[in-house]
1. When Lys and Arg each count +1 and Asp and Glu each count -1, what net charge do the other residues less than 12 Å away from V177, Cβ to Cβ, add up to?
2. Run the dipole for the range 59-278 about the Cα centre, Lys and Arg Cβ at +1, Asp and Glu Cβ at -1, nothing else charged, and hand back the magnitude in debye, nearest 20.
3. Using R₀ = 35 Å, calculate the FRET efficiency as 1/(1 + (r/R₀)^6) where r is the Cβ-Cβ separation of E223 and A153; round to 0.05.
4. Once both labels are modelled 7 Å past Cα along the beta-carbon direction, what's the S77-E90 spacing in nm?
5. Given axes a ≥ b ≥ c from the Cα gyration tensor, I'd like to know whether the range 45-165 is rounded (a/c under 1.5), prolate (a/b larger than b/c) or oblate.
6. Taking the Cα centre of the range 59-278 as the origin and placing charges on Cβ (Lys, Arg +1; Asp, Glu -1), which of T179, L214, L75 is farthest toward the positive end of the dipole?
7. May I ask you to order 89-100, 308-319 by the average number of other C-beta atoms within 10 Å around their residues, highest value first?
8. Taking neighbour Cβ counts within 10 Å as the exposure measure, how do W241, W66 sort from fewest upward?
Amino acid sequence: MQVERRLSSRAAGFTESVIREMTRKANAAGAINLAQGFPDFAAPDPLKEAACRAIRDDHNQYAITWGTQRLREGLASKVARYNGMDFDPETEVTVSCGSTEAMIASMLALVDPGDEVVVIEPFYENYGPDTAIAGATPVFVPSGAEFAIDEDALAAAFGSKTRAIVLNTPNNPTGRVYTAGELRAIADLCIDHDAYAFVDEIYEHILYDGHRHLSLGSLPGMEDRTVTIGSFSKTYSVTGWRVGYALADRRLSGAIRKVHDFLTVGAPAPLQEACAAALDLPSAYYDDLAALYDRKRRLLHDGLTRAGLQCELPEGAYYLFCDISGFDTDDLRFADFLVEQVGVAAVPGSSFFAEGGSDRIRFTFSKRDETLVEACRRLERLNEM
Ligand code: PLP
């Protein structure tokens with residue numbers, strides 16, 4: 001007799017990741033993967049050497065749960081320098097398994113079932129499931145024109161049940177770098193409603209055209225209600241290492257550390273050593289990274305334009321979020337067509353919205369120039385179809 005096993009309502013409450021599914025489809029079709037945001041080029045040599053050295057030197061057992069002392073101290077001084085925020089490495093810095101774990105651990109630590117969490121659309125697709133796993137209800141708020149914060153819509157979304165807002169700047173998928181004015185408006189709402197802010201700043205070093213990153217947690221009144229989330233994945237091209245962090249006031253960090261401990265015990269110990277070495281790279285490293293992605297952003301933008309795909313150049317992060325309304329199709333069919341018939345994988349726009357987004361598709365330019373040139377060559381065939 002076949003027994004139908006019950007699934008938890010939490011797991012039943014969301015679908016699998018479309019972004020990661022597109023990688024599997026790209027692999028199956030032998031297509032170029034411009035779907036998932038990870039580099040196809042080498043990680044920096046000093047990091048790889050530091051990782052190998054750490055393993056040889058036997059940093060191979062559990063690190064202290066909230067991260068090695070060297071990495072926490074390195075993070076505290078980096079954040080003081082770059083983000084203008086002070087955190088005590090002993091009590092306020094938690095190293096996690098990527099920013100992915102930092103976000104879910106923060107929600108589980110600070111949000112109760114039945115609470116509402118405000119999520120701005122379009123959003124990185126993990127935030128919906130994160131909220132569902134925490135047993136909370138996401139309240140989705142559309143962005144305004146050119147993906148600016150719509151202050152009226154945002155104010156209307158905050159209410160008596162609001163426990164937190166999730167923010168991502170520089171933004172995936174839109175490329176927006178939120179301004180001081182937009183961040184101040186968000187901060188005021190958080191203060192008025194006594195809400196937390198979970199701020200995903202994973203693209204903080206990937207900025208163009210003079211845009212500057214500002215941390216919401218550095219604004220007055222936000223110090224003890226913001227969890228600033230970061231990662232080594234994108235800045236150092238090591239998405240597979242799974243090392244990120246959550247920075248928050250001592251009380252909040254205490255709760256996040258407990259959840260983190262029981263979820264994962266800790267992030268990979270030898271890779272924490274290598275990430276500490278990454279923080280010693282000179283400032284030229286970050287300038288070169290931004291210049292590298294600036295070139296790639298223009299390369300792909302030119303190619304997409306030639307293929308008839310419309311998109312704005314992003315202010316930060318490494319995605320182009322294209323308008324496909326000129327094509328007689330929707331995002332899901334278009335993405336399947338691209339991966340199967342054109343040989344290029346992208347992410348359907350609807351995966352970044354609770355509703356809508358079927359007129360959008362996202363491409364990443366976090367790839368070697370040769371990969372981007374070949375993808376553009378393939379995409380130009382759209383003109384003949
Ligand atoms: N947050 C955003 C906005 C992302 O785009 C990604 C990956 O694409 C992640 C988090 C995942 O980061 P990590 O590798 O640190 O878990």
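1. -3
2. Here the range 59-278 has a charge dipole of around 700 debye.
3. Approximately 0.85, to the nearest 0.05.
4. If labels sit at S77 and E90, their model points lie 1.8 nm apart.
5. prolate
6. After comparing all options, I get L75.
7. 89-100, 308-319
8. In order of increasing Cβ crowding within 10 Å: W241, W66.
Each reported figure results from applying straightforward, stated rules to the coordinates on display, with no laboratory input. None of these values were measured; they are calculated from a predicted model. All Cβ positions, even for glycine, are placed from backbone atoms using ideal geometry, and neighbour counts span all protein chains on display.
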